[in-house]
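Down below is the structure, laid out as structure tokens.
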Amino acid sequence: MNNNTLSLISPRSLELIFKDHLDNTLECGQTLKQLFSTLNEPNSYIERVKSLEEKGDKLTAEAYNALELIVQPELNHLAELFIKRLDDIVDGMNDTARLIDICIPRKSEDAAQELIKILLSMIALLQTEIAQYPENELTSITTSRQTLKKWEESADQAYHEWRKTQRRINILPLVDESNWTEILGILEQTTDATYHAILLLERMVKYRLRK
């Protein structure tokens with residue numbers, strides 16, 4: 001295929017790319033959950049998370065290229081920010097898997113299981129809204145945003161309570177505490193990125209409804 005042929009190929013719609021991105025993101029999260037349950041044999045799951053993160057990078061690049069389809073400057077800017085947040089979510093899960101590869105924790109903390117459960121719920125709800133984009137109803141996207149906010153706050157609380165317990169009771173050795181503090185911190189930040197993604201999606205929906 002020569003360059004002239006390539007130039008004639010229209011980019012896929014952002015709607016399709018967003019859906020593929022969220023499908024890939026959910027699979028990445030499910031693989032990370034399996035990793036937390038199989039820390040004695042982590043390698044295949046770590047490699048799978050990395051592979052899905054690389055697929056996410058390709059979808060991110062494709063989405064940025066497809067921004068040319070949006071002629072409205074404000075919507076284009078919102079879509080660009082949304083794409084970055086989608087990339088942040090997958091990157092956060094891959095960073096978590098990489099830390100596990102480095103730290104080699106012996107067993108999973110209950111807080112890790114709680115955070116990944118919350119994150120998967122957030123991604124699944126965002127995926128549901130993306131499946132309807134750009135025809136989302138405002139009441140639906142607003143309700144989803146409110147739900148994700150509650151889950152994001154629950155993730156923050158779970159992380160805070162875990163750290164408070166460790167500092168007061170010294171359950172884990174210092175090295176293990178330091179490792180899990182970093183791992184759980186990245187997971188909590190990833191829930192933040194997921195919440196900010198739906199905030200941007202809601203703004204995109206509101207923009208379209210104004211037109």
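Each reported figure results from applying straightforward, stated rules to the coordinates on display, with no laboratory input. Since the structure is predicted, the reported quantities are computational estimates derived from the model, not experimental observations. Neighbour counts run over all protein chains shown; Cβ positions are idealised from the backbone, glycine included.
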Cβ-derived FRET efficiency at R0 35 Å, His160 paired with Leu138, nearest 0.05
0.60
Scoring the chain by relative contact order with C-alpha pairs under 8 Å, at least six apart, yields a percentage of 29 percent
At the level of C-alpha centres, the distance separating the stretch 91-166 and the stretch 174-199, in angstrom, is 9 Å
Helix 138-169 vs. the chain, principal-axis angle (Cα, 0 to 90°, nearest 10):
20 degrees
Quick one: angle between helix 73-103 and the longest Cα principal axis of the chain, in degrees between 0 and 90, rounded to 10, please.
30 degrees
For the chain, calculated [θ]222 nm from helices alone, where every DSSP H run of n ≥ 4 adds -39500 (n - 2.57)
-29500 deg cm²/dmol
Inter-probe distance in nm under a simple model that places probes 7 Å from Cα toward Cβ, at Gln34 and Ala61
2.6 nm
Values of log10 I(q)/I(0), in the order q = 0.09, 0.12, 0.14, 0.17 Å⁻¹, for the stretch 11-210 under a Debye, Cα-only, solvent-free model
-0.35, -0.60, -0.78, -1.06
Neighbouring Cβ atoms within 10 Å as the yardstick, rank Tyr64, Tyr45 fewest first.
Tyr64, Tyr45
Need one number: nm distance between label points at Lys150 and Arg12, each 7 Å from Cα along Cα→Cβ, rounded to one decimal.
3.4 nm
For the cross-link pairs Lys55/Lys107; Lys19/Lys107; Lys33/Lys58; Lys33/Lys206; Lys58/Lys107, which exceed 26 Å when the distance is taken from alpha carbon to alpha carbon?
Lys55/Lys107; Lys19/Lys107; Lys33/Lys206; Lys58/Lys107
Report the calculated FRET efficiency for Lys206 and Arg167 (r = Cβ-Cβ distance, R0 = 45 Å), to the nearest 0.05.
0.60
Could you pull out the longest piece of the chain with no exposed loop GluC sites (Glu not before Pro) in it, calling a site exposed if DSSP puts it outside H, G, I, E, B and it has at most 12 other Cβ atoms within 10 Å?
1-134
DSSP loop trypsin sites (Lys or Arg not before Pro) in the stretch 20-93 with at most 11 other Cβ atoms within 10 Å of their Cβ, which ones?
none
Residues His77, His196, His21 in order from fewest to most other beta-carbon atoms within 10 Å are His77, His196, His21
